[in-house]
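Take a look at this one; I'll ask things after.
Every read-out reported here was derived from the displayed coordinates using simple, explicitly stated rules and does not represent laboratory data. Just so we're clear, the structure is a prediction, and the values are computed from it rather than from any experiment. Cβ placement follows ideal geometry from the backbone for every residue including glycine, while neighbour counts extend to all protein chains displayed.
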Protein chains: 2
Amino acid sequence: MKISEFQNLIKDLYFKQDQNRGINGTFIWLVEEIGEFARILRSKEINFKNASEELADIIAWANSLANLLEIDLESAILEKYPKMCFRCKSNPCVCNR
Amino acid sequence: MKISEFQNLIKDLYFKQDQNRGINGTFIWLVEEIGEFARILRSKEINFKNASEELADIIAWANSLANLLEIDLESAILEKYPKMCFRCKSNPCVCNR
């Protein structure tokens, strides 16, 4: 699936609720997912299924925010990461981004 | 660009550094990007170019973590968001995920 297709899917699914919640409220949900992911990372044995779900949620909430901000995430990603490191311009990166 | 292609690009670019830094160290970078994005959101007028870059960075660091955890992010996303809300099973969502 393309990055842009996923953004559109998240828009179809959740834009109305995202709009009602607003940017700040939606950001809080993103941060909550970061916290849930952190909790998985600090467990003795990382549960990879749970980690996968939390990473998917982080991506989904970032897409909700992109929709609210009218940001085309695929374009933003391609602009920042154009097949080379944005800082050292190498692939692979030779700095520490 | 497909979600999986971007994950591979981030692997090509940064996997060596990500490995050296480790999961916990890489998570701190993700959280730093969340903080930078927060700073943009709380400014009087949101700078959309900066917001785009920070969202791209959040996605990129989430991909670095997926690489370290050997998680296929596209599969994880499609499994959690299979063209309907994972909770109410509707499209558009009729709950509040």
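Each residue of segment A:13-29 in order: what ³J(HN,Hα) in whole Hz does its phi give by Karplus 6.51 cos²θ - 1.76 cosθ + 1.60, θ = phi - 60°, with x for Gly and Pro?
Going residue by residue, I get 6, 10, 4, 4, 5, 4, 5, 4, 6, x, 5, 5, x, 6, 4, 4, 5 Hz, with x marking Gly and Pro.
Right, another one. In the neighborhood of A:G35, defined by Cβ-to-Cβ distances under 13 Å, what is the net charge if each Lys or Arg adds +1 and each Asp or Glu adds -1? The partial results should precede the final answer.
Numbers: positive: A:R39, A:R42; negative: A:E32, A:E33, A:E36, A:E54, A:D57.
Surrounding charge for A:G35 is -3.
State, to one decimal in nm, how far the label point of B:I28 lies from the label point of A:N96, with both points 7 Å from Cα in the Cβ direction.
1.0 nm
Only four residue types carry charge here, +1 at the Cβ of Lys and Arg and -1 at the Cβ of Asp and Glu. Report the dipole size of the protein assembly as shown about the Cα centre in Debye, rounded to the nearest 20. All intermediate terms of the calculation are to be shown ahead of the outcome.
Working: 26 positive and 28 negative charges, 27 e Å.
With only Lys, Arg, Asp and Glu charged at Cβ, the dipole is about 140 debye.
Then there is this: Rounding to the nearest 20 debye, state how big the charge dipole of chain A is about its Cα centre with +1 on each Lys and Arg Cβ and -1 on each Asp and Glu Cβ.
Values: 13 positive and 14 negative charges, 98 e Å.
In total the dipole reaches around 460 debye.
Say R0 is 22 Å: what FRET efficiency, to the nearest 0.05, do A:F15 and B:M84 get from their beta-carbon distance?
Working: r = 15 Å, r/R0 = 0.67.
Step by step, r from the Cβ atoms, then E = 0.90.
With n ≥ 4 as the cut-off for DSSP H runs, can you work out [θ] at 222 nm for chain A, using -39500 (n - 2.57) per run divided by the number of residues, rounded to the nearest 500?
Values: 3 runs with 68 residues, N = 97.
Only helices count here, giving -24500 deg cm²/dmol.
Any idea how far the Cα center of segment B:19-54 sits from the one of segment A:1-50, in Å?
15 Å
Still on this structure, please answer the following. So what are segment B:47-91's ellipsoid semi-axes, whole angstrom, largest first, if each one is the square root of 5 times an eigenvalue of the alpha-carbon gyration tensor?
Details: eigenvalues 117, 66, 7 Å².
Result for segment B:47-91: semi-axes of 24, 18, 6 Å.
May I pose another question? Roughly how crowded by other chains is peptide B:68-81, in terms of the mean Cβ count from those chains within 10 Å of each of its Cβ atoms?
Values: counts 0, 7, 2, 8, 1, 5, 6, 3, 10, 12, 4, 4, 8, 11.
Across B:68-81, the average partner-chain Cβ count within 10 Å equals 6.
Tell me, what HN-Hα J-couplings in whole Hz come from the Karplus equation 6.51 cos²θ - 1.76 cosθ + 1.60 at θ = phi - 60° for each residue of segment A:56-72, using x for Gly and Pro?
Computed from phi, the couplings for segment A:56-72 are 4, 5, 4, 4, 5, 5, 4, 5, 4, 5, 4, 4, 5, 8, 6, 9, 7 Hz.
In addition: Which pairs in the list A:K49/A:K80; A:K80/B:K80; A:K49/B:K89; A:K49/A:K89; A:K49/B:K83 are over 23 Å apart, alpha-carbon to alpha-carbon?
Too far apart for the 23 Å limit: A:K49/A:K80; A:K80/B:K80; A:K49/A:K89.
Normalised by the residues of segment A:31-97, what does the relative contact order come to in percent, with Cα pairs under 8 Å and at least six apart?
Values: 33 pairs, mean separation 11.4, N = 67.
Answer for segment A:31-97 is 17 percent.
Mind ranking A:81-89, B:39-47, B:9-17, A:25-33 by how tightly packed they are, going by the mean number of other C-beta atoms within 10 angstrom, highest first?
Values: A:81-89: 14.7, B:39-47: 10.7, B:9-17: 19.0, A:25-33: 17.2.
Going from most to least packed, we get B:9-17, A:25-33, A:81-89, B:39-47.
What is the pair-distance distribution P(r) of chain A, computed from all Cα-Cα distances in 10 Å bins starting at 0, with each bin given as a whole percent?
Pairs per bin, as whole percents: 15, 33, 35, 16, 0.
Additional query: Among B:Q19, B:I59, B:C88, whose Cα sits farthest toward the positive end of the charge dipole of chain B (+1 at Cβ of Lys/Arg, -1 at Cβ of Asp/Glu, about the Cα centre)?
It is B:C88.
Right, something else. Name the shape class, rounded, prolate or oblate, that the alpha-carbon gyration tensor gives for segment B:1-41, where a ≥ b ≥ c are the square roots of its eigenvalues, rounded holds for a/c under 1.5, and otherwise prolate holds if a/b is larger than b/c and oblate otherwise. Present the calculation step by step, with values, prior to reporting the outcome.
Values: a/c = 3.27, a/b = 1.30, b/c = 2.52.
Judged from the Cα gyration tensor, segment B:1-41 comes out oblate (a/c at least 1.5, b/c at or above a/b).
Given B:N50, A:W29, B:S75, which one lies farthest toward the positive end of the charge dipole of the protein assembly as shown, if we put +1 on the Cβ of every Lys and Arg and -1 on the Cβ of every Asp and Glu?
Of the options given, the answer is A:W29.
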